[in-house]
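**Q** Let me give you the structure first, and then I'll get to my questions.
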Amino acid sequence: MLEALKAQPQDKILQLIQMFKDDPRGDKIDLGVGVYKDATGLTPVMRAVKAAEKKIWDTQDSKTYTALTGEPGYNMEMRQLILDGAVAADRLSSIATPGGTGAVRLAIDLAKMANPGATVWVSKPTWGNHISIIKFVGLPVAEYRYFDAVSGAVDFAAVLEDLAQVKAGDVVLLHGCCHNPTGANLTLDQWAEVIALLQAKQALPMVDLAYQGFGDGLDEDAAATRLIAQSFPEVLIAASCSKNFGVYRDRAGILMAISADAEQAKITQGNLSFLNRQTYSFPPDHGIRAVMTVLQDADLTADWKAELEETRNGMLGLRAQLAEELRKATNSDRFDFVARHRGMFSLLGLTEAQVARLREEFGIYMVSDSRINIAGLNVATVPILARAVAAVL
Ligand code: LMR
């Protein structure tokens, strides 16, 4: 029977991890997968997370199941961190999920259960796995143009023009902050316009918030999500702790749903719990508990925020340096947008052939669409990248 299976297309980002590993060159540079790395190339366990894990190790006396929703305290803390009271608590439902991807997957499942006729709109471009998941679940995907590769900015006129085609009940997937892969983000005024349009269209907004704290700050990065939460009767929010708590492999995420009223929220909550049960029963606990332990302890929270700020500012410094070095190397302002982008990624606007040359001739690895992970750089490698980019132009 298994011979009926077809080979699956490889995920571009995961494929790159293997290619980088297989490259014997000592001076190779990995700007591929979205994992934070410090100046020494290490993806550290954050101090507060380490302290929380010690605390858990010292005090945990049972590994019995908790709740189908995942630890209730984690759900409460994450609702607060992301929404900060933007929505009445009795309209909120949530479940802990294995990472942000788990939340995205179950959000699409939930949307299909509620409206099997929905089309899911994604930005062009978006994270490749969004499209793959939506198609796998079996909903049609439509794209709204998002990025102007020449200016490196959001093509806002195109966003509005394409979202004007959305039908009532369609799902519109929005990146809450730090757009992946482009790094270009809407201003709050632009968000307000998108919200007004989607309200008029009676769309269901679905926010993917995977990089809160990596752009302009924890509250700033949640501002669009909070505005959306306040503006619609129903919203889905898929969020990840992989990056901002650095708990990638522990798989800590959350799926939140806002319902029109408290009565509906109970039914939505039952459906979310049902989805967890059908998919893997109880969600994993370790990373989720570490996050909760940090957020329930004022000292650990302060230390976590301080380390997250160091991380964020480090990436901003690398952005400024890279824009400057690219200016020098190319003798143009073509890449100035790198300093204006936010989050881990910037889409450089290079061709696939140029990306291939960077990999083959210079040992510099980026996704074939020319997305770079800023955190893969350090002060010493920024000029190397800038000179290599100039050489392949
Ligand atoms: C990325 O975009 O590189 C990250 O979200 C990691 C992943 O799983 O693709």
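**Q** Can you classify region 248-299 as rounded, prolate or oblate using the Cα gyration tensor, where a ≥ b ≥ c are the square roots of its eigenvalues, rounded means a/c under 1.5, and otherwise it's prolate if a/b beats b/c and oblate if not?
**A** The shape class here is oblate.
**Q** Using alpha carbons only, how many degrees (0 to 90, rounded to 10) separate the axis of helix 218-231 from the longest principal axis of the chain?
**A** Result, in degrees: 50.
**Q** Take the chain, mark every one of the trypsin sites (Lys or Arg not before Pro) that falls in a DSSP loop and has at most 12 other Cβ within 10 Å, then report the longest stretch left between them, sites excluded.
**A** Here the longest segment lacking exposed loop sites spans 64-393.
**Q** Keeping all protein chains in place and using 1.4 angstrom, which order do 191, 57 fall into by accessible surface area, from largest down?
**A** 57, 191
**Q** So for 292, 19, what's the accessible-area order with a 1.4 Å probe, most first?
**A** Highest to lowest solvent-accessible surface, that is 19, 292.
**Q** Tell me which of 341, 275, 330 sits at the most positive position along the dipole axis of region 273-389, charges placed on C-beta atoms (Lys, Arg +1; Asp, Glu -1).
**A** 330
**Q** At a temperature of 37 °C and a viscosity of 0.692 mPa s, determine how fast region 316-393 diffuses translationally according to Stokes-Einstein, using the Kirkwood radius over alpha-carbon pairs as Rh; express D in µm²/s, rounded to the nearest whole number.
**A** Here the translational diffusion coefficient equals 270 µm²/s.
**Q** I need the P(r) histogram for region 264-337: all alpha carbon pairs, bin width 5 Å from 0 out to the longest distance, whole percents.
**A** 3, 13, 10, 10, 10, 9, 11, 11, 9, 8, 5, 1
**Q** Any idea of the accessible area per residue across the chain, 1.4 Å probe, to the nearest Å²?
**A** 44 Å²
**Q** Looking only at 111, 252, 298, which one moves most when the chain is put into a Gaussian network model with springs between Cα atoms under 10 Å?
**A** Greatest mean-square fluctuation among the candidates belongs to 298.
**Q** Towards the positive end of the charge dipole of the chain, with charges on Cβ (+1 Lys, Arg; -1 Asp, Glu), say which of 36, 190, 80 has the farthest Cα.
**A** 36
**Q** Is region 201-267 best put as rounded, prolate or oblate by its Cα gyration tensor, with a ≥ b ≥ c the root eigenvalues, rounded for a/c under 1.5, and otherwise prolate when a/b is larger than b/c, oblate when not?
**A** It is oblate, given that a/c is not under 1.5 and a/b is not larger than b/c.
**Q** Quick check on the chain: of the DSSP beta bridges with both residues there, what percent are antiparallel, nearest 5%?
**A** Among the beta bridges of the chain, antiparallel pairing accounts for roughly 50 percent.
**Q** What pairs from 12/167; 12/135; 54/305; 124/201; 21/124; 63/135 go past 25 Å between their alpha carbons?
**A** 12/167; 21/124; 63/135
**Q** Something else now. Pick out which of 71, 361, 143 has the largest mean-square fluctuation in a Gaussian network model of the chain, springs linking Cα atoms closer than 10 Å.
**A** Between 71, 361, 143, it is 361 that shows the largest mean-square fluctuation.
**Q** Taking one equal scatterer on every alpha-carbon of region 49-296, how large is log10 of I(q)/I(0) by Debye at q = 0.07, 0.15 1/Å?
**A** After summing over all Cα pairs, the log10 values are -0.22, -1.02.
**Q** Just from its helices, what would the mean residue ellipticity at 222 nm be for the chain, if runs of 4 or more DSSP H residues each count -39500 (n - 2.57) and the sum is divided by every residue, rounded to the nearest 500 deg cm²/dmol?
**A** It lands at -15000 deg cm²/dmol.
**Q** If you place +1 on the Cβ of every Lys and Arg and -1 on the Cβ of every Asp and Glu, how big does the dipole about the Cα centre of the chain come out, in debye to the nearest 20?
**A** 720 debye
**Q** Hey, another quick one. Quick check for me: using +1 on Lys/Arg Cβ and -1 on Asp/Glu Cβ, what's the dipole size of region 53-166 about its Cα centre, in debye to the nearest 20?
**A** Charge dipole of region 53-166: 300 debye, to the nearest 20.
**Q** Dividing the convex hull volume of the alpha carbon atoms of region 184-227 by its residue count, what do you get in Å³ per residue?
**A** Spelled out: Cα convex hull of region 184-227, divided by residues, is 73 Å³.
**Q** Something else about it: Please report, as a whole percent, how much of the solvent-accessible surface of the chain comes from carbon and sulfur atoms (probe radius 1.4 Å).
**A** 54 percent
**Q** Still on this model: With +1 assigned to the C-beta of every Lys and Arg and -1 to the C-beta of every Asp and Glu, and no other charges, what is the dipole magnitude of region 1-123 about the Cα centre in debye, to the nearest 20?
**A** With only Lys, Arg, Asp and Glu charged at Cβ, the dipole is about 100 debye.
**Q** Non-local amide H neighbours of residue 97 (under 5 Å, H modeled in plane, Pro and chain starts lacking H): which ones?
**A** Amide H neighbours of residue 97, under 5 Å, 5+ apart: 253, 254, 255.
The values are calculated or read from the model by the stated rules, or taken from the named source; none is laboratory data. Keep in mind that what you see is a predicted model, and the values were worked out from it rather than measured. Neighbour counts run over all protein chains shown; Cβ positions are idealised from the backbone, glycine included. These accessible areas exclude ligands, DNA and RNA; they are computed on the full protein's heavy atoms, side chains included. Shrake-Rupley method; radii C 1.70, N 1.55, O 1.52, S 1.80 Å.
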